[in-house]
Amino acid sequence: MAHKFDPRNIEKLEDPSRLELFAPEETLRRLGLARGQVALDVGTGTGFYLPYLSALVGPEGRVYGVDVQEKMLEVARRKILDKGLTNVELVHSEENRIPLPDRVADFVFLAFTFHELREPLRFLRELRRVARPSAALGLIDWKKKERDKGPPPEEVYAEEEVLRFLKEGGLEVEEVFDLGPYCFAVRGRFP
């Protein structure tokens, strides 16, 4: 779909009402995040979910917040400092090139990011490179229907399209579940 979030609307990413979309801690656990893991938050934006990821992996874990927009990462940096998140590191990336070593992640999280991809299969190849064998994938994105939040339906992939891309990209889909009226979630596994 390739529509990137406009940083001029950055305040929308920090709106506490985003917590109404889904319960972050419960959902992240259901998606496979566990204590001591190395987690990637790909498309971290302003780092809205970084505090939840950080708390769930604990001090023995590590979180990498990855984004293509430096302006977003500037906001995330302030959040990390303000909240004292000592197990979080930010990474400025390109869409299809994440400057991290091979097989570094136990858990890869994409919240409202997949619909912004220009080349989903190429992107998934890069995720496979940075994910350890059997790493968990947690993906949340907008439903392709009219709603009062998020991008217009024509700018998002239908759930079936997302699942097709994941399967074509070599990932195993373990569970798909509804997260209320706005979004859906996919729990998957890397080969």
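The values are calculated or read from the model by the stated rules, or taken from the named source; none is laboratory data. All figures in this text were calculated on a predicted structure; none of them were measured in a lab. For neighbour counting, all protein chains shown are included, and Cβ atoms are generated from backbone atoms with ideal geometry for every residue, glycine included.
Which of (1) within 14 Å of the chain's Cα centre (by Cα); (2) surrounded by fewer than 22 Cβ atoms within 10 Å (Cβ to Cβ); (3) on the phi > 0 side of the Ramachandran plot is the odd one out, the single condition VAL91 does not satisfy?
Result: VAL91 fails condition (3) only.
For segment 155-182, what are the residues that are outside any loop (DSSP other than H, G, I, E, B), at pLDDT 95 or above and either closer than 18 Å to ARG118 by Cα or touching a Cys at 6+ places or on another chain (Cβ under 6 Å) (or both)?
Residues satisfying the conditions are GLU159, GLU160, GLU161, VAL162, LEU163, ARG164, PHE165, LEU166, LYS167, GLU168.
Restricting to segment 26-84, name every residue that is touching a Gly at 6+ places or on another chain (Cβ under 6 Å) and of a type in the set (Lys, Arg).
ARG35, LYS79
Among the residues of segment 162-183, count how many are crowded, with 19+ Cβ neighbours inside 10 Å and of a type in the set (A, V, I, L, M, F, W, C).
Final tally of qualifying residues: 4.
Being modelled with pLDDT of 95 or more, touching a helix residue (DSSP H, G or I) at 6+ places or on another chain (Cβ under 8 Å) and under 17 Å from THR44 (Cα atoms) is true for just one of LEU121, LEU90, LEU110. Which residue is that? I'd like the intermediate steps shown before the answer.
Values: LEU121 fails: under 17 Å from THR44 (Cα atoms); LEU110 fails: touching a helix residue (DSSP H, G or I) at 6+ places or on another chain (Cβ under 8 Å).
Answer to the check: LEU90.
Give me a count of the residues in segment 143-152 that are under 10 Å from HIS115 (Cβ atoms) and modelled with pLDDT under 95.
Just the residues of segment 143-152 that are under 10 Å from HIS115 (Cβ atoms), to begin with: 144, 150-151.
When the remaining residues are screened for being modelled with pLDDT under 95, the result is 150-151.
Counting residues in segment 143-152 that are under 10 Å from HIS115 (Cβ atoms) and modelled with pLDDT under 95 gives 2.
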